[in-house]
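Read-outs: derived from the displayed coordinates by stated rules, not from any lab. Model, not experiment: these values are computed from the prediction. Here the Cβ is made from the backbone with ideal geometry for all residues, glycine too, and neighbour counts use every protein chain on show.
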Amino acid sequence: MERESMEFDVVIVGAGPAGLSTACKLMQLANENNQELMVCVVEKGSEVGAHILSGAVFEPRAMNELFPDWKEKGAPLNLSLIHISEPTRPY
Ligand SMILES: Cc1cc2nc3c(=O)[nH]c(=O)nc-3n(C[C@H](O)[C@H](O)[C@H](O)COP(=O)(O)OP(=O)(O)OC[C@H]3O[C@@H](n4cnc5c(N)ncnc54)[C@H](O)[C@@H]3O)c2cc1C
């Protein structure tokens, strides 16, 4: 039996936030250093994001580090949360 094969420098299993941010960071570093890098992300879901839960709260620190201009690029996040330091007491 003949099997098709492809060569990659890095294979990442899982296209969740961890796998995707790893792939993005590796490609950013490769581009900054003019290096050719073949990264493959393998996802068992039907498509990337199929197993990502729709989050209620999004903590953007990692996104800010990875893509400082994510807001300008039009990420589909519509509500921002304000910091509440003290719980509001009814009495
Ligand atoms: C009910 C619930 C609600 C949540 N709400 C929030 C929220 O509001 N805000 C927030 O920030 N976080 C929330 N989280 C946490 C958040 O979902 C996780 O922290 C985050 O998804 C972890 O990312 P990850 O990449 O490590 O793993 P995952 O997101 O689990 O990604 C792993 C990926 O790997 C794939 N995979 C696994 N095994 C294989 C394999 N053998 N081959 C190929 N692909 C494979 C899976 O299909 C999946 O897509 C919530 C979690 C749960 C359970």
Checklist line | Scattering profile of region 1-75 at q = 0.14, 0.17 Å⁻¹ [log10 I(q)/I(0), Debye over alpha-carbon scatterers] | finding: -0.58, -0.82
Next item on the list: Read phi for every residue in region 9-25 and hand back ³J(HN,Hα) as whole Hz from Karplus 6.51 cos²θ - 1.76 cosθ + 1.60, θ = phi - 60°, with x for Gly and Pro.
Entry: 7, 9, 10, 10, 9, x, 9, x, x, 5, x, 5, 5, 5, 4, 4, 5
Next item on the list: Give me the aspartates and glutamates in straight-line cross-link reach of Lys44: C-alpha distance below 17 Å, same-chain residues under 8 apart excluded.
Entry: none
Next item on the list: Calculate, for Glu47 and Ser5, the FRET efficiency according to 1/(1 + (r/R0)^6) with r their C-beta to C-beta distance and R0 25 Å; round to the nearest 0.05.
Entry: 0.60
